[in-house]
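Working notes, structure below.
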Amino acid sequence: MAKVNLSVSLKEEHRPRFAELVKQLRKTGLEVEQELHSAGVVTGSIESEKVDQLKKLAGVAHVEESRNVQIAPPESEVQ
């Protein structure tokens, strides 16, 4: 299965348990890249079939897949 990069936002009321929630995310299969405690966000990658499991964890507010954006170079014809 393909891996997807994503951001996981945690519910405000669960932020005091941030470290515990990160452990739960890891147990679910998330390969954590960044832990942004002050923002209540964790970024990383996971097998695509496990994304729904992340969404069901207590304390998870939102799961969003990362998107890649490419901008044409300045010398290109399309601007």
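Count, please, the residues in region 1-18 that happen to be part of a helix (DSSP H, G or I) and in contact with a strand residue (DSSP E or B) (Cβ under 9 Å, 6 or more places away or on another chain). Reasoning before the result, please.
Going residue by residue through region 1-18, those that are part of a helix (DSSP H, G or I) are 12-18.
After this cut, where a residue has to be in contact with a strand residue (DSSP E or B) (Cβ under 9 Å, 6 or more places away or on another chain) as well, the list is 12, 14, 17-18.
Selection size over region 1-18: 4.
Collect the residues in region 45-79 that are at negative phi and in contact with a Lys or Arg (Cβ under 9 Å, 6 or more places away or on another chain), keeping them in residue-number order.
Those that are at negative phi and in contact with a Lys or Arg (Cβ under 9 Å, 6 or more places away or on another chain): 45, 46, 47, 48, 58, 60, 61, 62, 63.
Show the residue pairs meeting these rules: Cβ distance below 6 Å; 6+ apart or different chains; first residue within region 44-64 and of a type in the set (Gly, Ala, Ser); second residue in a loop (DSSP other than H, G, I, E, B).
44/30; 48/1; 48/2; 59/11; 61/11
Rule-based calculations on the coordinates, nothing more; no lab input. Here the structure is a predicted model, which is why all the values come from computation and not from measurement. So basically every Cβ, Gly included, is an ideal-geometry build from the backbone, and we count neighbours across all protein chains shown.
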